[in-house]
1. Those residues that are within 8 Å of chain B (Cβ to nearest Cβ) and of a type in the set (A, V, I, L, M, F, W, C), I need them from segment A:66-81; list them, please.
2. Return yes or no: is A:LEU34 closer than 24 Å to B:PHE47 by Cβ and away from chain B (no Cβ under 14 Å)?
3. Determine whether B:SER61 is among the polar types (S, T, N, Q) and over 15 Å from the mean Cα position of the chain (by Cα).
4. In the list B:LYS42, B:LYS36, which residue meets the criterion of being surrounded by fewer than 15 Cβ atoms within 10 Å (Cβ to Cβ), more than 12 Å from chain A (Cβ to nearest Cβ) and out of contact with any Pro (no Cβ under 8 Å at 6 or more places or on another chain)?
5. Test of understanding: among B:GLY63, B:GLY86, which residue is assigned to a loop (DSSP other than H, G, I, E, B), more than 13 Å from every other protein chain (Cβ to nearest Cβ) and within 24 Å of A:GLU110 (Cα to Cα)?
6. Return yes when A:ASN128 is in contact with a helix residue (DSSP H, G or I) (Cβ under 7 Å, 6 or more places away or on another chain) and either surrounded by fewer than 16 Cβ atoms within 10 Å (Cβ to Cβ) or within 14 Å of another protein chain (Cβ to nearest Cβ) (or both) and no when it is not.
7. Output the number of residues of segment A:40-59 satisfying the condition of being hydrophobic (A, V, I, L, M, F, W, C) and in contact (Cβ under 8 Å) with a residue 40 or more places away in the chain.
8. If you go through segment A:22-42 one residue at a time, do you hit one that is part of a helix (DSSP H, G or I) and under 26 Å from B:LEU67 (Cβ atoms)?
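Nothing in this text is a laboratory measurement; each read-out follows from the coordinates by a stated rule. Every value quoted in this text rests on a predicted model; they were computed, and no experiment measured them. Every residue, glycine as well, gets a Cβ built from its backbone with ideal geometry; the counts of neighbours run over all protein chains shown.
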Amino acid sequence: MSVKQKHVVRFFGLVQEEKEMTWLNQMALSGWYLVRVMFFVYTFEQGEPSDTRYYGDFKTMKQHDIGEYLQVFADCGWKFVCQQGSWYYFSSLFDKNYREVYSNKQSQLEKYRTVLLTLIIPMVMLINSLLILSRRSERSPSFGLDILLFIVFTLLLIAIYSTIRIIGKVTKLQKSVSE
Amino acid sequence: MIDVESVKKLMPLTETSFYVLISLLEPLHGYGIMQKVEQLSKGRILFGPGTLYGAMNNLQSLGLIHLYTEAGDQDRRKVYLITEKGNTLLRLEMARLEEMLKNARALIHKAERGEGNEC
């Protein structure tokens, strides 16, 4: 007997993490458990409904050893679900043994600082390609180039928006840490 | 040789770092640290996995703890131990905390006595 699966397309931005997790928690509550995330396509498997909590942690490859990382989570009752880029999805049953992934604001702050640092590289790349494209379009304008310019510009706006929102989050956390 | 001045720049330690450091005066893996801190703080400090892993990573990159044994094939848990640098920092931090406590005790004592005189 095969397990019933379903795919759902949902778009969540970088700054909509809480919203995404709440949605995943609700899915589990109605018996649909996340197995995979790929470019906004969420794959679920049907099971017994339970009060399960999801958490997306951010870790860049450079700073860690995956085996050990997943082990520490497993030891705290957090099961590894899937990975998308630098985001690792975990789930934990919400019972008396449940514990938060970040038990203090200081360490939560460090997570978002890493997210922020990681955003800088694609942002510089986007600005760079925007400059190159606009120079080329000045010399020889074409419809194709215009579309490309528009795409890069939109991506840059999204990146800037996300950066500002995360800076806001970091500042808020920083304030509550230093108080 | 330990450069005390460069160690001082790492002060003050967060509660998390402090507890991880004192736990690693004996070789332990992540799960062991968690259990020990929970026991030492009588259940007040329950490290989340993100917090604990971040602290271990951070302390290792600062050279305050080091890998004691690599993880085995069956077990992915790595064992860590405090370094000489970590030990130096711990002593400096203890002296700082002791000074704070000593001052606080003396002033609280004085204030309580002062109140008593007014009555």
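1. If the condition is that a residue be within 8 Å of chain B (Cβ to nearest Cβ) and of a type in the set (A, V, I, L, M, F, W, C), then A:LEU70, A:VAL72, A:PHE73, A:CYS76, A:TRP78 are the ones that fit.
2. It is false that A:LEU34 is closer than 24 Å to B:PHE47 by Cβ and away from chain B (no Cβ under 14 Å).
3. When the stated conditions are applied, B:SER61 passes them.
4. That would be B:LYS42, the only listed residue that is surrounded by fewer than 15 Cβ atoms within 10 Å (Cβ to Cβ), more than 12 Å from chain A (Cβ to nearest Cβ) and out of contact with any Pro (no Cβ under 8 Å at 6 or more places or on another chain).
5. B:GLY63
6. no
7. Result for segment A:40-59: 1.
8. From segment A:22-42, those part of a helix (DSSP H, G or I) are A:22-29; that's our starting set.
Going one step further and asking which of them are under 26 Å from B:LEU67 (Cβ atoms), we end up with none.
Looking through segment A:22-42, none of the residues is part of a helix (DSSP H, G or I) and under 26 Å from B:LEU67 (Cβ atoms).
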